Amino acid sequence: MTGLVYKEWKQNKWFILGMVICGALPLILLIVFHDSVKTASHYQLVLNTGSIVGILIAGMLQMMTLGGDDRRLWAYFISASPDGSKGFIRVKYEMIFFMILTFLLSIHFFDNLILMFTVDKGIEGVYDAGNMVLPLIFLQIFLRAVDIPFSYRFGAKKGSIIKMILMVLCAITVLIVIMINIDDLDVIIDGIKDKMANYSETPLIPAILVLSLIAYYISYRISCRLYMKGAEQYDK
Amino acid sequence: MTNKKDDLRRLGIYLLIVASSSAMLFVFFKLINQSETAFAILSEVFCAAPALANLITRAVTKEGFRDMKLHLHLTGNLRYYLLAFLLPFVCTFMSYIPPIILGGHSDWLGGFTLKNIVAAILMLAAQGAVMSAGLVGEELGWRGYMNRKMEPLVGVVGTVLIGGAVWSLWHLPSDMSLYLAGEETLSEAMKTVGGRLLFLPGYAAFYMWLTKKTDSVWPAVLSHGISNTSRTCIMELLRMGDIPENAEINTGFFEFVPFIITGVVFLWLMLRDKKKTEPLRK
């Protein structure tokens, strides 16, 4: 198992370290635009934009760690090793989860640093982006739970195309549902906002967060089943 | 003998580094009071000090970085992870709620409905899974290094008591911060320090047991995260009830009883396990 961790580190260390940089993106933006960032709303914009762009880039880097393993020879080799393909996939899932956690810790630290900096400068009314980041982190965990099995079943490139088609189909379905309920849309959105604001009073939001973690585990089990099937279609 | 000497030297270096991290906050207290940015940076360095001390000691003594106990070891150990999640919540619950009921204030517990408790536990689980990772900065040092060097020197009981005391005293800068800022009397600050000395050895025993059972620091990390957020969670549930604004939720010594019991139980379990394995070693 240690060998597999070592292999992942050697292969993906820049992607892993990239998580720290993605978390530091709000600070990088602040340094780049320090001349024009003056008011509380400017700082808030930097915090929010930096956090969202950071999450998007972090997600991309996490997916890039899956490339390079979709080779038939590697699949046969790893399945014959003592840890087997399950061990390999487990380390991959653990590594991606740790990447998400590294990003979360990094963004938490740098967001806090910027907030404290604004306090020192006497700028009031800047809020922590953490309330926005945490749900997005769970969304990221859920998206990885969907991404990884596709990537192992069809290979990194083909997998992402198939996933994209399915995502577009999902988006169209959601749009149709919205169009049907267009008259009640305000009520629905207000209801969601209310549930988000008072998340501790209803089990729905916490349950969704826990379900995304469960989905990640189920995704691992699915990937274990699909990996050898997918290996047959990989390039040599 | 040489091993014990090596362990003592490594433990000494480790403790020196973590003590310096505590001293650092006292030295820079004025700066911390003046600048929130300095506070944010120094407090993060302080929180990561035990893990940094582990890495620095390993590098300085040329011990190497093997066996850091960083593997999750989930297979076959899920029950320990589950216990790591549940026990701190139960302990915190037991340290606040029975005294409130015994004090005749059961009407304060209106927020403890099944729906609210389920929501709180689910939120705790979700947050614990992601937010507790930051506590690897502490657990990699205390459970991942200090305990392992201390145990051959002072035994299991000594490790729990001395290790627990060291861990408690390392928190001195945060416990004394209000006193140093002139917002608290010395006796109040000492009460906080004493309270920590009473309940942390209990958790120290539990975390040490978890680390030994799973051969990983992650259950201790998870448990530490849950124990930190459980109090907020219980307070949130109390706030949802009919609790008067000026209500004093100070449970006195009773607050520490669940942690002391936890400490005794897990200490006994470790001693029992040690007895079982000793004849095998001989």
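Computed quantities for the displayed model
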read-out: Complete set of residues in the stretch B:138-165 that are surrounded by fewer than 20 Cβ atoms within 10 Å (Cβ to Cβ) and within 12 Å of the chain's Cα centre (by Cα); value: B:165
read-out: Filtered residue count, the stretch A:144-202, keeping only those that are surrounded by fewer than 15 Cβ atoms within 10 Å (Cβ to Cβ), of a type in the set (S, T, N, Q) and at pLDDT below 75; value: 1
read-out: Residue check, residue A:209 within 14 Å of another protein chain (Cβ to nearest Cβ), of a type in the set (A, V, I, L, M) and either within 18 Å of residue B:131 (Cβ to Cβ) or under 22 Å from the mean Cα position of the chain (by Cα) (or both); value: yes
read-out: Checking residue A:76 against (1) within 12 Å of chain B (Cβ to nearest Cβ); (2) in contact (Cβ under 8 Å) with a residue 60 or more places away in the chain, the condition it does not meet; value: (1)
read-out: Filter result (in contact with a helix residue (DSSP H, G or I) (Cβ under 7 Å, 6 or more places away or on another chain) and among the small types (Gly, Ala, Ser)) within the stretch B:76-105; value: B:84, B:95
read-out: Residue that is nearest to the chain's Cα centre (by Cα), among those in the stretch A:212-231 that are of a type in the set (Gly, Ala, Ser) and at pLDDT 85 or above; value: A:212
read-out: Helices (runs of 4 or more DSSP H) contained in the stretch B:171-249 and holding at least 3 residues surrounded by fewer than 18 Cβ atoms within 10 Å (Cβ to Cβ) and within 14 Å of chain A (Cβ to nearest Cβ); value: B:218-240
read-out: Residue list for the stretch A:118-133, filter: surrounded by fewer than 18 Cβ atoms within 10 Å (Cβ to Cβ) and either without any contact (Cβ under 8 Å) to a residue 12 or more places away in the chain or part of a helix (DSSP H, G or I) (or both); value: A:119, A:120, A:121, A:122, A:130, A:131, A:132
read-out: Of all residues making up the stretch A:1-30, the number that are surrounded by fewer than 14 Cβ atoms within 10 Å (Cβ to Cβ) and either within 14 Å of chain B (Cβ to nearest Cβ) or touching a Cys at 6+ places or on another chain (Cβ under 8 Å) (or both); value: 4
read-out: Residues that are of a type in the set (Phe, Trp, Tyr) and surrounded by 15 or more Cβ atoms within 10 Å (Cβ to Cβ), drawn from the stretch B:56-97; value: B:80, B:81, B:85, B:89, B:93, B:96
read-out: Selected residue [buried (at least 21 other Cβ atoms within 10 Å of the Cβ), in contact with a Lys or Arg (Cβ under 6 Å, 6 or more places away or on another chain) and not polar (S, T, N, Q)] from A:100, A:107, A:96; value: A:96
read-out: Any hit, the stretch A:218-234, residues being within 14 Å of chain B (Cβ to nearest Cβ) and in contact (Cβ under 8 Å) with a residue 60 or more places away in the chain; value: yes
read-out: Qualifying residue in the stretch B:140-158 (condition: within 14 Å of another protein chain (Cβ to nearest Cβ) and either at positive phi or touching a residue at least 40 places away in the same chain (Cβ under 8 Å) (or both)); value: yes
read-out: Hits in the stretch B:11-54 (condition: in a helix (DSSP H, G or I), of a type in the set (A, V, I, L, M, F, W, C), over 23 Å from residue B:228 (Cα atoms) and away from every other protein chain (no Cβ under 14 Å)); value: B:11, B:13, B:15, B:16, B:17, B:23, B:24, B:26, B:27, B:29
read-out: Only one of A:105, A:56 that is at pLDDT 90 or above and within 23 Å of residue B:136 (Cβ to Cβ); value: A:105
read-out: Residue B:132 vs. criteria touching a residue at least 12 places away in the same chain (Cβ under 8 Å), more than 14 Å from chain A (Cβ to nearest Cβ) and part of a helix (DSSP H, G or I); value: no
read-out: Helices (runs of 4 or more DSSP H) contained entirely in the stretch A:5-97, each with at least 3 residues that are over 24 Å from the mean Cα position of the chain (by Cα) and farther than 14 Å from residue A:227 by Cα; value: A:40-64
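The values are calculated or read from the model by the stated rules, or taken from the named source; none is laboratory data. Quick caveat: nothing in here was measured; it's all calculated off a predicted structure. Note: ideal-geometry Cβ built from the backbone for every residue, glycine included; neighbour counts use all protein chains shown.
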